Amino acid sequence: MTQKKRQIRGVILTLTGGAAWGFSGTCGQYIFANSQMESGMLAAIRMLGAGVILLLFTLFAKKKETFAVWKKPAEAVRLVIFAVGGLMFSQFAYLTAISYSNSGTATVFQNTGIILVMIISCILARRLPRGKEITAAILTLIGVVLLATHGRLDGLVISGGALTWGGLAALALVTYTLLPGQLLKKWGTPLVNGFAMLIGGIVLAVAFRIWEKSWDFELHIVLALLAMVILGTVIAFSFYLQGVADIGPVKASMLACIEPVVATVISALWLGTEFAPIDLLGFALIIGGCLLVSMSGEKDAQADAEDAPESSRAVVSGADTE
């Protein structure tokens, strides 16, 4: 395959993966609106389903390596911590934020975590934020204030639950980025996320006792669940990661910003969610901030990685945040 075709494939796959994530979030909103399912049960089902599929793929592709990570105690402990404190926290906080608001708002709030990752990266690299990074943080802060208050600082226009869980979803993106360390690089995303999904799903299933819940789902709810597991998790991850391989992490992360756009558009067209013009302005400012962070460039990230302590290099050199 020529370099040009590889670039085109990377762009298409990355955009498709980001769009699939956005559609998946809207499916979650649809499930909450049309069933009695709570976010804990939905997150458990999604994680269990995706974990089984990813691990079956890993068993088929790399049978001998699938369980090798459990032979190293330190890495096994890190994987469990990542599963619960990173991936499970991320999935549960994001879906709960959707249950209190909508997929577009929750996705945009979650993406503000990129700014937190940037701030932590600066601390670990022992440097001040650059001009683009400062601008990105300011744009994101203004965007969040507009979403929460519509410019009127005497009260909130979104529920306290939406704001709280949106903030936790952003924090969860940070923990998801920081906790795996070198696990993803050494063992591969399908294996690590597969086990993390399975472990996190089991913990949520036990915590929310999902076997005691009603499983009498109508067909349209089952289809939405399948879309979240297969399209929004397995396919989205696969497409995005191939896109990163084809065009690099910086371009891929920029293109993946299509996720909140897709979530907002589909939520409005499919579910009739209404967004005020000032909401869209807030979305634009936050997405613009995320793009500015991505545009800081691979050279800057590499420079940070060289200057940072060894344990922090995986963070400042760019990690998969989805």
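The values are calculated or read from the model by the stated rules, or taken from the named source; none is laboratory data. Just so you know, these numbers come straight off a predicted model, no measurement behind them. Note that we place each Cβ from the backbone using ideal geometry, even for glycine, and neighbour counts take in every protein chain shown. Ligands, DNA and RNA are stripped out before the accessible areas are found, and what is left, the full protein with its side chains, is counted by its heavy atoms. Shrake-Rupley method; radii C 1.70, N 1.55, O 1.52, S 1.80 Å.
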Surface accessible to a 1.4 Å probe, Lys213 within the full protein complex, Å²:
80
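Leaving ligands, DNA and RNA out of it, rank Ile31, Ile202 by accessible area with a 1.4 Å probe, largest first.
Values: Ile31 0, Ile202 85 Å².
Result of the area sort, largest leading: Ile202, Ile31.
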Going by the alpha-carbon gyration tensor, a ≥ b ≥ c the square roots of its eigenvalues, is the range 1-61 rounded (a/c under 1.5) or, if a/c is not under 1.5, prolate (a/b greater than b/c) versus oblate?
oblate
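Where does each of Glu259, Glu274 land when they are ordered by accessible area, with a 1.4 Å probe and the largest first?
Working: Glu259 5, Glu274 170 Å².
Of Glu259, Glu274, the descending order of accessible area is Glu274, Glu259.
Where nothing but the Cβ of Lys and Arg (+1) and of Asp and Glu (-1) is charged, how large is the charge dipole of the chain around its Cα centre, in debye to the nearest 20? Intermediate results must be reported in sequence, preceding the final value.
On the way: 23 positive and 20 negative charges, 214 e Å.
Using Cβ point charges on Lys, Arg, Asp and Glu, the chain gives about 1020 debye.
Of Leu128, Leu291, Leu223, which has the most accessible area and how do the rest follow, probe 1.4 Å? Spell out each step's value before the answer.
Working: Leu128 145, Leu291 55, Leu223 100 Å².
Result of the area sort, largest leading: Leu128, Leu223, Leu291.
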I'd like to verify something in the chain: which complete DSSP H helices, judged by Cα projection on the helix axis, reach 20 Å or more and average at least -1.0 on the Kyte-Doolittle scale?
3-34, 39-61, 131-149, 160-178, 189-207, 277-294
Of all accessible heavy-atom area on the chain, the percent that carbon and sulfur account for (1.4 Å)
67
Ranked by how many other beta carbons lie within 10 Å on average, peptides 232-242, 104-114 from highest
104-114, 232-242
Per-residue ellipticity at 222 nm for the chain, helices alone: DSSP H runs ≥ 4 residues times -39500 (n - 2.57), over residue total, nearest 500 deg cm²/dmol?
-23000 deg cm²/dmol
Quick check on packing: order 14-20, 215-221, 141-147, 53-59 by the mean number of other C-beta atoms within 10 Å, highest mean leading.
14-20, 141-147, 53-59, 215-221
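Classify the range 182-253: rounded, prolate or oblate, from the alpha-carbon gyration tensor (a ≥ b ≥ c, eigenvalue square roots; a/c under 1.5 rounded; otherwise prolate if a/b is larger than b/c)? Before the final figure, lay out each step's value.
Values: a/c = 4.00, a/b = 1.68, b/c = 2.38.
Oblate shape, in that a/c is at least 1.5 and b/c is the bigger or equal ratio.
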Have a look at Ala205, Thr164, Gln7 and report the one farthest towards the positive end of the charge dipole of the chain, computed about the Cα centre with Cβ charges (Lys/Arg +1, Asp/Glu -1).
Gln7
Would you give the gap between the C-alpha center of the range 153-224 and the C-alpha center of the range 246-273, rounded to a whole Å?
19
